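Below is one structure, written out as structure tokens; the observations come after it.
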Amino acid sequence: MFDLSKSRSLLERAQSCIPGGVNSPVRAFKSVGGTPPFIVKGEGPYVVDADGNRYIDYVGSWGPLILGHAHPDVLNALKRVIDNGTSFGAPTEIEIILAEMIIERVPSAEMVRLVNSGTEATMSAIRVARGVTGREKIIKFDGCYHGHGDSFLIAAGSGALTLGEPDSPGVTKGTAADTLLAKFNDIDSVENLFKQFKGQIACVIVEPVNGNVGCIPPQGNFLQNLRDICTENDALLIFDEVMTGFRIARGGANELFGVDVDLLTFGKVIGGGLPIGAYAGKKEYMLEVSPSGPIYQAGTLSGNPVAVTAGIETLNHLSPESYDQLEQLGEHMERGLQTIIKTNDYPLSQHRVGSMFSLFFTDRSIRNYDDVKTCNISQFAKYFHGLLERGVYIAPSQYETGFISLSHTTRVIDETLDRIDIVLEKVLK
Ligand SMILES: *Cc1c(COP(=O)(O)O)cnc(C)c1O
């Protein structure tokens, strides 16, 4: 019998000392209910919880673990580097190596600054955009997530079409007024903002694949059109590649879609499971960052050898062939899901880009967040728990993407598909 009793008592203990018992909200299972398994270890495509349940894992620590859990080469590199100490707050050679690896892979990256999380990277990137343009407003897309910086915790306003409203207590109205909301895959919504706020917009920041409301690919020329509008208006285009960077292609979305950008942000995969982030871009903008320029940004632990080593070791394992393999694994998952949907005529839709995938509980075609909001959330919750009980761990929310790693095999994916088939029959028939 599926038992979570140890996790349940750990959750109770955690709730008395940590808000909600977790250090990042989605881990608490609020949108699906129930008890989150407390994880004790990972091995390849699996995680094991405190009660000894083993799951095939499609969360992968929310994206970083593209090689799978506890990859022996990453662990050995970490063991070696730790013998020399953990942080110096002084320059090291391996920071250059990681920066050079990013520049070599990502077409628009000419210079790199390392930080400690994706949130820090995006906050810094919009500061650079504002600093170099001398403008204050930014455009983001409804449903795109850029970490928990104030400027990004903005919801579409109800009355006014375009002005954002704070999406969390503690975010000021002043901050919200500088963030304009557009709709992903809807270029008119961006054009309208540029008309309305002519000469005031510093940058457009976008997840090139909107991976934080499920996985939604950009349609048609959406990304190139963004490039053109930004150029016409002297605004910077920022690709937030914290999720897509080194995940959907060797050079991320920047390479895959062939769209030139001014700034990019990274995190997740470049830390190989340790805390890291980076922002990068054109030299003329990056040279404005302190100490070479006036735009201030700093970090006590930025570029520490532990996180940098995990990043280098991870990127070293990501060859062009690795991305072919991730594509094949992703395609295997996609075909299996499509077969289940078609054979049973289920009201579901599905998207995939490389090793990122999601199944939406709606038969509507998914173009942006508005469409995802039509999903049947209670069906998703039943699906989620059905899979969990059968040893498949997916993200506990309809609004999240699944991640396949290089440690997943077609056999592991077939096992997953068998369980998905069984669970969907229970949920939808
Ligand atoms: C995860 C994520 C972030 C935030 O990164 P953290 O390391 O969690 O701060 C920012 N942007 C995107 C696109 C992300 O997926």
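In table form, for the structure just shown:
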quantity: Evaluation of residue 226 against (1) more than 30 Å from residue 317 (Cβ to Cβ); (2) within 16 Å of the ligand (Cβ to nearest atom); (3) touching a Lys or Arg at 6+ places or on another chain (Cβ under 8 Å) (one fails), failing number; calculated: (3)
quantity: Single condition residue 280 does not satisfy, out of (1) part of a loop (DSSP other than H, G, I, E, B); (2) more than 25 Å from residue 351 (Cα to Cα); calculated: (1)
quantity: Sole residue being of a type in the set (Phe, Trp, Tyr) and within 13 Å of the chain's Cα centre (by Cα), chosen from 222, 266; calculated: 266
quantity: Pick from the range 130-148, criterion within 15 Å of the chain's Cα centre (by Cα) and of a type in the set (Gly, Ala, Ser), ranking: farthest from the ligand (Cβ to nearest atom); calculated: 143
quantity: Criterion: out of contact with any Ser or Thr (no Cβ under 8 Å at 6 or more places or on another chain), assigned to a loop (DSSP other than H, G, I, E, B) and in contact (Cβ under 8 Å) with a residue 12 or more places away in the chain - qualifying residue of 323, 346; calculated: 346
quantity: Qualifying residue in the range 378-398 (condition: among the charged types (D, E, K, R), in a loop (DSSP other than H, G, I, E, B) and under 19 Å from the mean Cα position of the chain (by Cα)); calculated: no
quantity: Count of residues meeting criterion [within 13 Å of the ligand (Cβ to nearest atom) and part of a loop (DSSP other than H, G, I, E, B)] in the range 257-269; calculated: 1
quantity: Some residue of the range 64-80 being in contact with a Gly (Cβ under 6 Å, 6 or more places away or on another chain) and at positive phi; calculated: yes
quantity: Restricting the range 42-83 to residues that are closer than 24 Å to residue 322 by Cβ and charged (D, E, K, R), the residue that is nearest to the ligand (Cβ to nearest atom); calculated: 57
quantity: Single match in 363, 418, 371, 414 (criterion: part of a loop (DSSP other than H, G, I, E, B) and more than 17 Å from the chain's Cα centre (by Cα)); calculated: 363
quantity: Sole residue being within 15 Å of the ligand (Cβ to nearest atom), crowded, with 16+ Cβ neighbours inside 10 Å and either more than 30 Å from residue 407 (Cα to Cα) or in contact (Cβ under 8 Å) with a residue 24 or more places away in the chain (or both), chosen from 272, 251; calculated: 272
quantity: When residues of the range 175-217 are limited to those that are part of a loop (DSSP other than H, G, I, E, B) and among the polar types (S, T, N, Q), the one farthest from the ligand (Cβ to nearest atom); calculated: 200
quantity: Hey, residue 86 of a type in the set (S, T, N, Q), surrounded by fewer than 17 Cβ atoms within 10 Å (Cβ to Cβ) and either within 16 Å of the ligand (Cβ to nearest atom) or over 23 Å from residue 238 (Cα atoms) (or both) or not; calculated: yes
quantity: Check on residue 277, of a type outside the set (D, E, K, R), in contact with a Gly (Cβ under 6 Å, 6 or more places away or on another chain) and in contact (Cβ under 8 Å) with a residue 12 or more places away in the chain; calculated: yes
quantity: Close pairs (8 angstrom Cβ cut-off, 6 or more residues apart or separate chains): closer than 26 Å to residue 211 by Cα and of a type in the set (S, T, N, Q) in the range 36-64, part of a loop (DSSP other than H, G, I, E, B) and within 16 Å of the ligand (Cβ to nearest atom) anywhere; calculated: 61/273
quantity: Residue that is surrounded by the most Cβ atoms within 10 Å (Cβ to Cβ), among those in the range 236-246 that are near the ligand (Cβ under 10 Å from one of its atoms) and closer than 18 Å to residue 404 by Cα; calculated: 241
quantity: Residue 113 vs. criteria away from the ligand (no atom under 12 Å from the Cβ) and in a helix (DSSP H, G or I); calculated: no
quantity: The one condition in (1) farther than 29 Å from residue 58 by Cα; (2) part of a loop (DSSP other than H, G, I, E, B) that residue 129 fails to fulfil; calculated: (2)
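Per-residue answers, yes or no, for (1) farther than 19 Å from residue 106 by Cβ; (2) of a type outside the set (Phe, Trp, Tyr); (3) in contact with a Ser or Thr (Cβ under 8 Å, 6 or more places away or on another chain); (4) modelled with pLDDT of 95 or more:
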| residue | (1), (2), (3), (4) |
| --- | --- |
| 276 | no, yes, yes, yes |
| 290 | yes, yes, no, yes |
| 293 | yes, yes, no, yes |
| 298 | yes, yes, yes, yes |
| 303 | no, yes, yes, yes |
| 308 | no, yes, yes, yes |
| 311 | no, yes, no, yes |
| 316 | no, yes, no, yes |
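Residue-wise test of (1) touching a helix residue (DSSP H, G or I) at 6+ places or on another chain (Cβ under 7 Å); (2) within 30 Å of residue 305 (Cα to Cα); (3) surrounded by fewer than 17 Cβ atoms within 10 Å (Cβ to Cβ).
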site: 1; (1), (2), (3): no, no, yes
site: 10; (1), (2), (3): no, no, no
site: 16; (1), (2), (3): no, no, yes
site: 29; (1), (2), (3): no, no, no
site: 58; (1), (2), (3): no, yes, no
site: 78; (1), (2), (3): yes, yes, no
site: 91; (1), (2), (3): no, yes, yes
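The values are calculated or read from the model by the stated rules, or taken from the named source; none is laboratory data. What you see is a predicted model; the values in this text were computed from it and never measured. So basically every Cβ, Gly included, is an ideal-geometry build from the backbone, and we count neighbours across all protein chains shown.
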